[in-house]
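What follows is a short report on a single structure.
The values are calculated or read from the model by the stated rules, or taken from the named source; none is laboratory data. Please read these numbers as outputs of a predicted model, since none were measured by experiment. Note that we place each Cβ from the backbone using ideal geometry, even for glycine, and neighbour counts take in every protein chain shown. For the accessible areas, the whole protein counts, side chains as well, though only heavy atoms, and no ligand, DNA or RNA atoms are used. Shrake-Rupley method; radii C 1.70, N 1.55, O 1.52, S 1.80 Å.
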Amino acid sequence: MSHFLSLRRWLAPAALCLVAGLAIMGDAGAAGSTRFWNLTSGTIKEFRLAPAGSTSFGKNQCENDKDGTVDHDERLPIVGIAAGRYDAKIVYTTGRACMARGLEVKEGKVFSIDDHDLKDCK
């Protein structure tokens, strides 16, 4: 019986530390988890952001996805982009290219684009 009580005294603090550690890791991951949610009807192979009104487009964010594309209803991690307003250049796997302007990006949040946001498609 004393062995059981000693084991029980050890397990409670260990479990508490594990739960606290997981909570801290979850908060740390949330801070850098800005994501784009593709609500358009197509699969995107190129997604680049530029400060609103400029043509200074950054890297292809689709490179952050394991298969290099963003399907409909898929979320894409966004890397190296600060909070602000952006224009997006989007190229679909079909070759169709479109713009979406004035997107509000907030650090650690999800932003989306749907078909109604697309402009200047070619």
### Query
So what is the relative contact order of region 72-122, in percent, for Cα pairs below 8 Å that sit 6 or more residues apart?
33 percent
### Task
Evaluate the distance, in nm, between pseudo-label points positioned 7 Å from the Cα of V79 and of C121 along their respective Cα→Cβ axes.
3.0 nm
### Message
Keeping every protein chain present and rolling a 1.4 Å probe, give me the accessible area per residue for region 41-122 in Å².
### Response
56 Å²
### Task
Compute the normalised compactness of region 36-122: alpha-carbon radius of gyration over 2.2 N^0.38 Å, N being the residue count.
0.96
